[in-house]
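One structure is given here, and the rest of the page talks about it.
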Amino acid sequence: MNSSHLILCELEDTGIPRVESYSPFCLKVHRALALAGFRYERRHASRPDAYRNYNPAGQVPVLLVGGVPVFDSTEIVSRLDFMSGGALCRGLDRSGRAEAFLWEEMADTTLNGFLVAARWLDDENWPKTKAAYFGTMPGLVRAIVPGRLRSGVRKRLEARDVVRSGLDACWTRFETTLDELEARAPSHGFWLGDVPSRADIALFGQLWSFRTELTARQAASLGQRTRLSAWLERVDRACRRGAAARALEPATETPRAQLRAVGSAFA
């Protein structure tokens, strides 16, 4: 597919090798695009509500497919799987696809809750998160707005029962969750078989996002889980191989009528 037909709307690039975005959901979509074999363009903005004309919720990622917006990372992955003929669920039967979806839900809810808490509420991490997210704000605005947003994040995480019992309890649950994922992580291959699926991509998006300086303490805990860390590296290599293969392929034009048909199938 010609890259002009797929445009990923997201926030600014991190500048960190192998971490295309601080958003785990954007990271998930980047890797899904690579595995599905699509070329695409990137469109950056400093604020997620810059794309409100595409997504009324004012959130990223948004994928423009032939100019038609698709938002919510799970919906985007489903669309890419459909467009690629099942590349993100290859080899899975109906039961396997259901399991992949459930792992994706676990990643996008449970693991994301820990990630948001680590960045926004961990006092060791907050200064780096504040600098990364708000460093370009004018000084007076930066002195007020991040703190107010942080208070709102705390309330939302309490409503989600992530930090309702306190941060110490949150990190105990985080360590237990990592232990269980370590026990479940495959010693070879991928989460649900010999090839990566949407389960790998979703879990990867959240767990890989811990591996930056914004969450150094949590990254160290993750690094102690050797099976889980080795699986993460395998997923990363598989995505990079997919991206490299895509770059070597000649660009082919996909008829706009076909793109419109894909859009109508998900309307």
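The values are calculated or read from the model by the stated rules, or taken from the named source; none is laboratory data. Please read all numbers here as calculations on a predicted model, not as lab measurements. Here the Cβ is made from the backbone with ideal geometry for all residues, glycine too, and neighbour counts use every protein chain on show. With ligands, DNA and RNA removed, areas are computed over all heavy atoms of the protein, side chains included. Shrake-Rupley method; radii C 1.70, N 1.55, O 1.52, S 1.80 Å.
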By average C-beta atoms within 10 angstrom, highest first, the peptides 200-208, 218-226: 200-208, 218-226
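With the full set of protein chains in place, find how many percent of the accessible area of the stretch 1-85 is carbon and sulfur; take the probe as 1.4 Å. Could the numbers behind the result be given before it?
On the way: 1650 of 3390 Å².
Within the stretch 1-85, the accessible surface is 49 percent carbon and sulfur.
Mind checking the full-extension length gain between Ser46 and Val68? Use 0.36 nm per residue of separation minus the Cα-Cα distance, one decimal, nm. Don't skip to the end; give the middle numbers.
Details: separation 22, 0.36 × 22 = 7.92 nm, distance 2.18 nm.
So the extension gain works out to 5.7 nm.
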- prompt: Which whole-Hz ³J(HN,Hα) couplings does the stretch 216-231 yield from phi under the Karplus relation 6.51 cos²θ - 1.76 cosθ + 1.60, θ = phi - 60°, glycine and proline marked x?
  reply: 4, 5, 5, 4, 5, 5, 4, x, 6, 8, 5, 5, 5, 5, 5, 5
- request: Name the residues whose placed amide hydrogens come within less than 5 Å of the amide hydrogen of Arg42, ignoring near sequence neighbours (fewer than 5 apart) on the same chain.
  value: Leu8
field: trypsin sites (Lys or Arg not before Pro) restricted to the stretch 1-76 and DSSP loop, no more than 15 other C-beta within 10 Å
entry: Arg18, Arg52
Nonlocal amide H pairs with Tyr22, under 5 Å, H built at 1.01 Å: Thr14
- request: Starting from the Cα-Cα distance between Arg156 and Gln59, subtract it from 0.36 nm times their residue separation and give me the gain in nm to one decimal.
  value: 33.3 nm
- request: With label points built 7 Å along Cα→Cβ from the Cα atoms of Arg148 and Val19, find their separation and express it in nm.
  value: 2.8 nm
query: Quick one: length gained pulling Thr110 to Ala183 fully straight, 0.36 nm per residue minus the C-alpha distance?
result: 24.6 nm
- line: Taking every DSSP bridge whose two residues both lie in the chain, the antiparallel percent to the nearest 5 is 65 percent
- prompt: What is the set of long-range amide H partners of Val70 at a cut-off below 5 Å, with H atoms built 1.01 Å from backbone N?
  reply: Leu63, Leu64, Val65
statement: Residue by residue through the stretch 74-87, the couplings from Karplus 6.51 cos²θ - 1.76 cosθ + 1.60 with θ = phi - 60°, in Hz, x for Gly and Pro, are 5, 5, 5, 4, 4, 5, 5, 4, 5, 5, 8, x, x, 5
task: At 7 Å along the Cα-to-beta-carbon direction for both Ser165 and Leu140, put a label point, then send me their distance in nm to one decimal.
output: 4.5 nm
Förster-model FRET efficiency, 45 Å R0, Ala131 and Val195, C-beta, rounded to 0.05: 0.70
field: Under Karplus coefficients 6.51, -1.76 and 1.60, residue-wise ³J(HN,Hα) of the stretch 113-124 in Hz, glycine/proline x
entry: x, 5, 5, 5, 4, 5, 6, 9, 10, 6, 5, 6
